[in-house]
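Comments concern the structure below.
Laboratory data are not the source of any read-out in this text; all were calculated from the coordinates shown. Because the structure is a prediction, the values reported are computed rather than measured. Neighbour counts are summed over all protein chains in view; Cβ atoms, including those assigned to glycine, are modelled from backbone coordinates with ideal geometry.
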Amino acid sequence: MIDFSVSRRTAFLLAAMLVPATLQVPQANAAAPAEKYVEQVGNGVLAAARAGSVSKFRTLMQRNAAISTIAIYSLGPYRKKLPAGRKKEYYALVAKHISKVFANHSKKLAGRSITAISSRTKGRSVIVKSKLKYPSGKTSNVTWRLIKRGSNFKIFDINVQGIWLASTQKTDFISVLRRNNGDINALFSYLKK
């Protein structure tokens with residue numbers, strides 16, 4: 001079994017591709033497209049991991065993750081402290097941070113394939129269950145929380161071995177903010193490292 005407990009950042013990475021959702025579509029209409037989407041994006045992420053390519057991952061993330069939603073969610077109760085004029089900078093820093101995390105953990109993420117098993121509508125999200133298969137033949141369950149953006153899906157969160165990645169990222173960001181009395185500049189400094 002792959003050890004995902006090595007770092008919350010590994011969880012965060014996959015989470016960088018995810019966040020709470022606003023999808024209200026009948027399950028019959030959402031299931032097949034959501035499952036195909038997860039397989040397409042998931043297998044793209046695995047290919048980028050096998051290649052160790054931060055740029056490929058960044059491209060996939062920018063195209064498929066709800067970055068602004070993930071970034072705001074990750075601030076928790078501190079979201080009101082983010083100045084409107086710095087949101088764009090913050091979103092870019094979050095995307096860059098996730099890309100670095102990916103680069104540091106790409107070897108651990110380099111599975112063989114992702115196969116969607118099932119999907120269901122939950123509130124305003126579509127939850128897709130999938131299997132990650134490693135070259136060794138071992139598998140791991142991965143659950144995706146998708147949101148609808150226009151006619152497309154965006155990834156809000158991923159659950160790997162019971163850990164929701166967006167929640168892990170939120171815990172990390174809030175911890176930085178608490179240690180620094182809610183100073184948003186401290187979080188910006190953390191993300192620039």
### Message
Can you give the FRET efficiency to the nearest 0.05 for N152 and A47, using r as the Cβ-Cβ distance and R₀ = 22 Å?
### Response
0.60
### Query
For the range 4-192, what D do you get in µm² per second when you plug the Kirkwood radius from alpha-carbon pairs into Stokes-Einstein at 4 °C and 1.567 mPa s?
78
### Ratio Rg/Rh [Cα only; Rh per Kirkwood] for the range 83-182
1.02
### Query
So between K192 and A32, what do we pick up on full extension, going 0.36 nm a residue minus the alpha carbon distance?
53.7 nm
### Message
What's the ranking of 51-62, 91-102 by average number of surrounding C-beta atoms within 10 Å, highest first?
### Response
91-102, 51-62
